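The values are calculated or read from the model by the stated rules, or taken from the named source; none is laboratory data. Small disclaimer: the values here were computed from a predicted structure and weren't measured. Using ideal geometry, Cβ is built from the backbone for each residue, glycine included, and neighbour counts are taken over all protein chains shown. Accessible surface areas use protein heavy atoms only, side chains included; no ligands, DNA or RNA. Shrake-Rupley method; radii C 1.70, N 1.55, O 1.52, S 1.80 Å.
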Amino acid sequence: MARDSRYDILFEPVRIGPVTAPNRFYQTPHAAGLGWQRPKAGAALRGIKAEGGWGVVCTEYCSIHPTSDDSPYGFLTLWDDDDVAALAQTADAIHAHGSLAGIELWHGGSHASNRMTRMPGIAPSAIPAMYHLPTTARGMDLADIKAFRGWQRDAAIRAKRAGFDIVYVYAGHDYLPFQFLSPRHNQRADAYGGSLANRVRLLREMIEDTKDAVGDSCAVAVRLAVDELHGPQGITSDGEGREIVAMLAELPDLWDVNVAGSLGNDSKSARFSAEGYQEPQVAFVKQLTTKPVVSVGRFTSPDVMVSQIRRGIQDFIGAARPSIADPFLPTKIREGREDEIRECIGCNICRAANNEGVHLRCTQNPTIAEEWRRGWHPEKIASFPRREKVLVVGAGPAGLEAALSLGRRGLDVTLADRNGKLGGRILNESTLPGLSTWIRVRDWRQHMISKLNNVQVFPGSEMTAEDIAGFGAEHVVLATGSAWRRDGVGVNGMDVLDLPGALTPDDVFAGAALSGAIVIYDDEHYFMGGALAEKLARGGHKVTLVTPNASVSSWTAMTDELGFLQTRLHDLGLAMHTGRLLRGRGKGHVKLACSASGSESELACDTLIVATGRLPHDGLYHELTATPQAFTLHRVGDCLQPSSIADAVYSAHRFAREFGEAPVAVLRRERPPVKDIA
Ligand code: SF4
């Protein structure tokens, strides 16, 4: 298909200092959790982005010295020549598709844990470590600053030798250069502290040093948080953020700007931000510099992208999450296939992977970070050698993914769901406050399935075991989902409770009557308890949220949402009881016990909703396995293991990839050859 001419502007080359980007699609640095331990996997991931059309592809954060160690999280290193050889694989993989390779040189200062290297942490001043460690970073003296400038310079030279085209000076996300800028962190009284000119001194010197070291052939980019969203006590886009850009306007070759102090501000989920949410804070930058500017904002709409360029907000379309959800987003626009873009849903499961210290995962794109380990490509899947019939039962996230991926392999697929609408659990979950984008999980798959002649879809078709046995498929895949349990068994409370009349989230979505004082008991700790509480409170109900954990929806700390959620629930005036286990239910009340002491209390309750865990809908599976069948039988998604939507999609995708293939006994891993292990 021909490209829509309205999008031509997105494919213009842009000069960045001594190098030229082939188009305006710029994958900004983002964590992948692969780090220095998995260079081949990192290279393959970035190579796929370049293959997908991103004109600039950057690495994740790359430590310039052992005093900046982010263990146990995945981070790169450029400490020695071995690192050069390892990272050259990434630069080569990006160059193989004609894109520019960028590297984000990083020093965390008091934000680095140094758990692996056990080097003393350093910071502009002696300030408590930011990484929840009971320790204080050492204030840097002038010799430390001189050494630090040398580390940046040496790392830049190594980056150039590894083949990178864009080398970063990284002054964002609360890391060391930003700590010098921020009066909250910088309490120095010398030439590097006090006035803004003094606090900017180190950043200026880093840019000059880096340009001097590699600027003849590499562009030098500055990543700066122009607003840390701390109000007048912090850097603000109408205060010192603006002044910093004005002072250094023409010095770097590119400005990569965002609203981070903390990472959570920069990667806000869709629950708390809309596409383009950083524009109010970053829009001023282009007015102060002639150098190209890039920023992010979870851009997935080509029209919004064009608007960003035409209105002079930025020169590139910066993206981390949209490039994870669809590494081929630029190619799809270029080829007039924008309807096929697998849009990021803003769920931040990718951030959870980073916060858990494991490699990247994505709800929409099950292939991310599996490019090397499993050999998965987001746009290619091996054909199945024979044309056989598969019946997929259940059209939630797993069923849709299974039907699509098996269909792409060339099998004759029938997808049946008892509901009149496809989507399964997403139909309900996407009605919760801020989660409407989650319906994209269904929409993209339903749309892509509609393009396949070999996949037939039958909504409103309940299948019994007898129906399935008589259908005549050679293979049956059950994706029948799960149901919330009503017995109170959860992460903390393992006892089966007698809870007469208790409702589950499924009952609420099905329209159960709610009256009087509502208690939502959350012992699952992800989004459901908090989101349901918000929905009901907004609907005028009197709601109390109870959880045995120290905070409500505590697992949302992994998705960088917890702080925003707590603020929202407090603003709603929602009553919250933390550290309380559910023990039982009496007339007009629930019985609670303190998680620590066990001391008991009662809380008024007319309607009890328990969100504690889910059980698989696996009745059909057990019925069908009770007698020999003429078909092969498989389970995917929640009916195999109730979990996140991301896990359901991954489960089904993996099944479809491996269906009919030799079993994968051991995952491909990176480690030194055994001969090198003394
Ligand atoms: Fe987007 Fe969610 Fe994928 Fe992250 S995990 S890239 S937020 S869809």
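Summary of values
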quantity	calculated
Qualifying positions in the range 205-232 - within 29 Å of SER267 (Cα to Cα) and of a type in the set (Asp, Glu)	GLU205, ASP227, GLU228
Residues satisfying the stated conditions in the range 621-643, i.e. buried (at least 18 other Cβ atoms within 10 Å of the Cβ) and either more than 23 Å from GLY660 (Cα to Cα) or modelled with pLDDT under 95 (or both)	PRO642
Residues within the range 551-565 that are open to solvent by less than 10 Å² (accessible area, probe 1.4 Å) and either within 16 Å of ASP523 (Cβ to Cβ) or touching an Asp or Glu at 6+ places or on another chain (Cβ under 9 Å) (or both), tallied	4
Filter pass, LEU181 being more than 22 Å from GLY318 (Cα to Cα) and open to solvent by 10 Å² or more (accessible area, probe 1.4 Å)	no
Selection count where residues are surrounded by fewer than 18 Cβ atoms within 10 Å (Cβ to Cβ) and among the small types (Gly, Ala, Ser), scope the range 645-673	3
Spans of strands (runs of 3 or more DSSP E) in the range 1-120 with at least 1 residues out of contact with any helix residue (DSSP H, G or I) (no Cβ under 9 Å at 6 or more places or on another chain) and over 22 Å from HIS173 (Cβ atoms)	14-16, 19-21
Criterion: under 23 Å from CYS347 (Cβ atoms), assigned to a helix (DSSP H, G or I) and at pLDDT below 95 - qualifying residue of GLY529, GLY563	GLY563
Failed condition for GLY276, given (1) within 16 Å of the ligand (Cβ to nearest atom); (2) at negative phi; (3) not acidic (Asp, Glu)	(2)
3 or more residues surrounded by 24 or more Cβ atoms within 10 Å (Cβ to Cβ) and away from the ligand (no atom under 12 Å from the Cβ): qualifying helices (runs of 4 or more DSSP H) within the range 314-421	397-408
Filter result (surrounded by fewer than 20 Cβ atoms within 10 Å (Cβ to Cβ) and in a loop (DSSP other than H, G, I, E, B)) within the range 121-167	SER125, ALA126, ILE127, ALA129, TYR131, HIS132, LEU133, PRO134, THR135, ASP141, GLY163
Yes/no for ALA325 being without any contact (Cβ under 8 Å) to a residue 60 or more places away in the chain and small (Gly, Ala, Ser)	yes
Matching residues in the range 525-572 - criterion: being more than 24 Å from the chain's Cα centre (by Cα) and β-branched (Val, Ile, Thr)	VAL543, THR544, VAL546, THR547
Subset of the range 297-313 that is charged (D, E, K, R) and over 21 Å from the mean Cα position of the chain (by Cα) - its residue that is nearest to the ligand (Cβ to nearest atom)	ASP303
Residue satisfying all of: in the range 1-20; among the acidic types (Asp, Glu) and at pLDDT 95 or above; surrounded by the fewest Cβ atoms within 10 Å (Cβ to Cβ) among these	ASP8
Selection count, the range 265-308, where residues are touching a Leu at 6+ places or on another chain (Cβ under 7 Å) and of a type in the set (A, V, I, L, M, F, W, C)	3
Test set (1) out of contact with any Ser or Thr (no Cβ under 7 Å at 6 or more places or on another chain); (2) of a type in the set (A, V, I, L, M, F, W, C); (3) in a helix (DSSP H, G or I) - VAL664 fails condition number	(3)
ASP81 open to solvent by 20 Å² or more (accessible area, probe 1.4 Å) and modelled with pLDDT under 95	yes
Residues of the range 556-586 classified as out of contact with any strand residue (DSSP E or B) (no Cβ under 7 Å at 6 or more places or on another chain) and either free of Cβ contacts under 8 Å to residues at least 60 places away in the same chain or small (Gly, Ala, Ser) (or both), total	11
Long-range neighbours under 6 Å by Cβ, at least six apart or interchain, first residue in contact (Cβ under 8 Å) with a residue 12 or more places away in the chain and within 16 Å of PRO672 (Cα to Cα) within the range 35-55, second of a type in the set (Phe, Trp, Tyr) and part of a loop (DSSP other than H, G, I, E, B)	GLY35/PHE75; LYS40/TRP372; ALA41/TRP372
Checklist (1) in a loop (DSSP other than H, G, I, E, B); (2) charged (D, E, K, R); (3) surrounded by 18 or more Cβ atoms within 10 Å (Cβ to Cβ) applied to GLU250, failing item	(3)
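The rows are residues; the columns are (1) over 22 Å from ILE645 (Cβ atoms); (2) among the basic types (Lys, Arg); (3) open to solvent by 60 Å² or more (accessible area, probe 1.4 Å).
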site	(1), (2), (3)
VAL441	no, no, no
ASN454	yes, no, no
ILE468	yes, no, no
GLY472	yes, no, no
MET494	yes, no, yes
LEU497	yes, no, no
ALA502	yes, no, no
ASP522	no, no, no
GLU534	no, no, no
